[in-house]
Amino acid sequence: MNPLLTFVVILIGFYGLSTSSNIIKSVFCVTIIESGVILLFLNLGNLDGGVIPIIGDALPVGGIADPLPQALMITTIVIGSTVTALALMLCIKVFHHYGTVEWAEILSRESGK
Amino acid sequence: MIKQLILIGLLGILFGVFFVSMQDIQELYNTFGKDYIAATGFADTGSRNLVTAILLDYRLFDSLFEAGILLIAVSGVIWISKHESQEKNAQFMLDKFKTPDLFVTFSRLVYPLMLAFGFYVIINGHVSPGGGFQGGAIIATAILILYYIDADKDTNIALIVTIEKILYIAILLVASLSLVSRGELFTNFFVIDASPDTKAIYLVLLNVMIGMKVALGLWTIFTAFLKEGR
């Protein structure tokens, strides 16, 4: 897969983040951006082909994929999942407080006070 | 409408910048780091899985803070979801909707298999795909299936979080043991000349501890959400 295509995934996330009217949809868009970043890094680590970076008694023919981006992306996945959980928990609290999760309605209610 | 067109135009400019910057990627790309790790990774760390070699040995500092961020996020979720009234055993969302019997039966069948698979992935993290973080997620999923089988299950979140904090301190201690044996922080505590099989003991130990920590953390997050949905 081409790195340019993964950047398209990131841009789709940006577009959704700018246009979504719902807080939960915004959280989804953040995870879409995150998936795009993960795909981009995995691509850049494997530009010239290669198999998974697990070595037996000898190195695999054709070389291995770069293990460093893969190790970094494990970090990203774990942190991303927990941050998403934190954001969704905040969404629940916002819903309990305002009774809605629409950006426009919350903003108008805040400015009306 | 005009706003969206402007937005698409701006995103197009971003894509153009990325496209231009990717033009010379073939010249910038090199394989020095990859070749070094492939040549010396197994002898240095005793791990056949080079991703685990980086996670638990070369860049252990990263992984420690990753586990720390998981702990902080779990604490944040618990703190945000705190309720004024102290309920002893929260009524879970699941028993509002009657769980189908088929679900319950298959959950009983799958639950031990998932637990065993999670432990397999954790313990073999240094020879096969997997490791503490992935296996911990599988074990957490297996624990969540318990709620399908018995929705009235009582979970003591405070105890779980305390165990998790103790585990995190234990991980830090095991990671700093290398200061005594090797004279440097955050690497394998066996001496550098030890055989790969000896070094693997350290990898298995740290993988198991990280796996337990991740499983407990995800379990806590899920329980907090279930209590919200009651």
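Once every DSSP H run of n ≥ 4 in chain B is given -39500 (n - 2.57) and the sum is divided by its residues, what mean residue ellipticity at 222 nm do you get, rounded to the nearest 500 deg cm²/dmol?
Only helices count here, giving -23000 deg cm²/dmol.
For the cross-link pairs B:K34/B:K213; B:K34/B:K165; A:K25/B:K34; B:K3/B:K227; B:K3/B:K82; B:K199/B:K227, which exceed 32 Å when the distance is taken from alpha carbon to alpha carbon?
Violating the 32 Å limit, Cα to Cα: B:K34/B:K165; A:K25/B:K34; B:K3/B:K227; B:K3/B:K82; B:K199/B:K227.
Summing charges over all other residues whose Cβ lies under 14 Å from the Cβ of B:A38, with Lys and Arg as +1 and Asp and Glu as -1, gives -3. Counting only whole DSSP H helices of chain B, the ones at least 15 Å long by C-alpha along their axis and with mean Kyte-Doolittle hydropathy no lower than 1.0 are B:2-21, B:60-80, B:101-123, B:132-149, B:157-176, B:196-228. Take each peptide in B:4-17, B:48-61, B:109-122, count the other Cβ atoms within 10 Å of every residue, and average; sorted highest first, the result is B:48-61, B:109-122, B:4-17.
Between A:S18 and B:Y29, what's the calculated FRET efficiency when r is the beta-carbon distance and R0 is 35 Å? Round to 0.05.
0.60
For chain A, the relative contact order comes to 26 percent (Cα pairs under 8 Å, sequence separation of at least 6). Placing a label point 7 Å from the Cα of B:L185 along the Cα-to-Cβ direction, no residue of region A:52-85 has its backbone N under 17 Å from that point.
Modelled spin labels at A:I77 and B:L205, positioned 7 Å past Cα toward Cβ, are 2.7 nm from each other.
Could you work out what % of the accessible surface of region B:31-228 is carbon and sulfur, using a 1.4 angstrom probe and leaving DNA, RNA and ligands out of the count?
Roughly 71 percent of what the probe reaches on region B:31-228 is carbon or sulfur.
Angle of helix A:3-19 to the longest C-alpha principal axis of chain A, folded into 0 to 90 degrees and rounded to 10: 10°.
Suppose R0 equals 22 Å. What FRET efficiency, 1/(1 + (r/R0)^6) with r the Cβ-Cβ distance, do A:L47 and B:I13 give to the nearest 0.05? About 0.30, to the nearest 0.05. What the Cβ-Cβ distance of B:D193 and B:I72 gives, at R0 = 51 Å and to the nearest 0.05, is a FRET efficiency of 0.85.
The values are calculated or read from the model by the stated rules, or taken from the named source; none is laboratory data. Bear in mind that the values here come from a model prediction, so they are computed numbers and not experimental data. Note: ideal-geometry Cβ built from the backbone for every residue, glycine included; neighbour counts use all protein chains shown. In case anyone asks, the SASA skips ligands and DNA or RNA and just uses the protein heavy atoms, side chains included. Shrake-Rupley method; radii C 1.70, N 1.55, O 1.52, S 1.80 Å.
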